[in-house]
Amino acid sequence: MSSRVANELSRRQFLISSGIAVAGACLAPSRLFSQEGLVAIALKESANAKVTVQKLRRNITVLLGAGGNIAVLTGADGKLIVDAGIVTTRSNVSAAIAGINADPIKHLINTHWHFDHTGGNDWLHQAGASILAHENTRKRLSVDTRVEGWFYTFPAAPAGAIPTTVFQEEHTVHANGSTLALKHYAPAHTDSDISVHFTEADVLHTGDTFWNRNYPFIDYSTGGSIDGQIRAAEANLAKVSATTMVIPGHGEVTTGKADLTLFRDVLAEAREKVAKLKKQGRTLEEVIAAKPTAAHDAEWGQGFQTPPSFLGWVYQGV
């Protein structure tokens with residue numbers, strides 16, 4: 001089997017097992033475009049989502065398929081986890097974490113506030129984790145928060161799910177023989193996005209500032225924008241070398257700059273084409289009909305975001 005075919009099969013398996021992707025696949029085109037009901041469907045479908053465990057470098061493992069990608073750092077200081085998945089994946093995520101080794105759960109970092117990355121906060125806190133995040137993640141989780149793109153208002157999270165330690169721009173964590181450099185992005189996917197760089201292993205978790213071979217959702221309700229997503233993509237490119245292993249918010253783990261560059265270029269191309277059409281006075285419906293992202297739609301439009309919904313987010317921001 002060629003590496004290209006193997007990668008495609010692996011990608012399809014990820015999409016099938018991802019609760020959010022399953023939710024998207026269940027929606028008729030009109031409902032998928034509006035995103036109406038997506039959160040409820042994602043919560044339901046994720047209960048049976050397969051969680052794939054992938055060993056990375058040193059003492060770092062990634063869990064794929066529980067919503068947002070989850071990183072686990074093991075060692076004498078107890079397990080440190082980056083992102084918590086969708087709440088309904090608890091049983092499968094808990095089993096996957098326990099299957100890595102017997103280290104207790106001690107720390108949790110959220111890359112941003114969305115439900116597919118913080119849904120497990122409460123049960124992980126109950127399991128022993130202290131929670132660290134950007135101050136805007138605590139802000140969003142502490143109150144009822146509306147995401148217009150999903151037609152959904154998230155109620156304030158329970159007390160145990162709220163990060164107890166927050167920072168503004170940069171923060172450093174030392175755990176299990178590793179140094180973790182945390183850095184806030186300017187508003188990008190949301191206003192709460194951070195990166196987590198495991199410096200000795202040179203593994204970078206980008207959260208949802210990078211979606212590998214998937215069109216991203218952009219949450220304008222909580223500070224996101226297409227321009228911010230592109231700026232974050234540029235920031236990620238500036239951080240990595242040819243050997244940096246990158247954990248995206250969604251999609252397969254990758255190494256080096258190629259997939260990050262492609263993500264940046266796809267977003268920049270879409271923005272340029274949609275802005276030009278909008279300046280000509282084209283309506284959103286006319287922009288969608290023009291198919292400005294057609295060259296990428298067959299591969300990139302099969303997950304969380306369809307081409308029409310992605311074009312809607314771009315159109316809103318130009």
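Only helices (runs of 4 or more DSSP H) whose full extent lies in the stretch 27-135 are considered here, and the ones with at least 1 residues that are aliphatic (A, V, I, L, M) and over 20 Å from the mean Cα position of the chain (by Cα) are 90-100. Entry remark, the stretch 151-182: residues being under 13 Å from residue 138 (Cβ atoms) and hydroxyl-bearing (Ser, Thr, Tyr) number 2 in total. Please find, within the stretch 46-60, the residue that is nearest to residue 91 (Cα to Cα) out of those that are open to solvent by less than 30 Å² (accessible area, probe 1.4 Å) and at pLDDT 90 or above. Selected residue: 51.
The residue that is surrounded by the fewest Cβ atoms within 10 Å (Cβ to Cβ), among those in the stretch 146-168 that are touching a residue at least 12 places away in the same chain (Cβ under 8 Å) and part of a strand (DSSP E or B), is 146. Within the stretch 174-188, residues that are within 12 Å of residue 209 (Cα to Cα) have Cβ atoms under 7 Å from residues that are of a type in the set (Asp, Glu) and buried (at least 21 other Cβ atoms within 10 Å of the Cβ) in these pairs: 185/193, counting only partners at least 6 apart in sequence or on another chain. Take residue 124 and decide whether it is without any contact (Cβ under 8 Å) to a residue 60 or more places away in the chain and in contact with a strand residue (DSSP E or B) (Cβ under 9 Å, 6 or more places away or on another chain). The answer is yes for residue 124.
When residue 108 is tested against the conditions (1) in contact with a strand residue (DSSP E or B) (Cβ under 7 Å, 6 or more places away or on another chain); (2) surrounded by fewer than 17 Cβ atoms within 10 Å (Cβ to Cβ), the lone failure is (2).
Figure legend. Inter-residue proximity from the stretch 134-145: first residues of a type in the set (Lys, Arg), second residues outside any strand (DSSP E or B) and modelled with pLDDT of 95 or more, beta-carbon distance below 7 Å, spacing 6+ or different chains. Indicated pairs: 138/162; 138/163; 140/113; 140/192; 140/222. Does residue 205 satisfy being surrounded by fewer than 22 Cβ atoms within 10 Å (Cβ to Cβ), out of contact with any helix residue (DSSP H, G or I) (no Cβ under 9 Å at 6 or more places or on another chain) and assigned to a strand (DSSP E or B)? For residue 205, the condition - surrounded by fewer than 22 Cβ atoms within 10 Å (Cβ to Cβ), out of contact with any helix residue (DSSP H, G or I) (no Cβ under 9 Å at 6 or more places or on another chain) and assigned to a strand (DSSP E or B) - is not met. Considering the conditions (1) within 15 Å of residue 223 (Cβ to Cβ); (2) at pLDDT below 95; (3) not β-branched (Val, Ile, Thr), residue 138 is excluded by exactly one of them, (2).
The values are calculated or read from the model by the stated rules, or taken from the named source; none is laboratory data. Given the structure is predicted, the values throughout are model-derived calculations rather than measurements. Cβ sites come from the backbone with ideal geometry, for glycine too, and all protein chains shown count toward neighbours. For the accessible areas, the whole protein counts, side chains as well, though only heavy atoms, and no ligand, DNA or RNA atoms are used. Shrake-Rupley method; radii C 1.70, N 1.55, O 1.52, S 1.80 Å.
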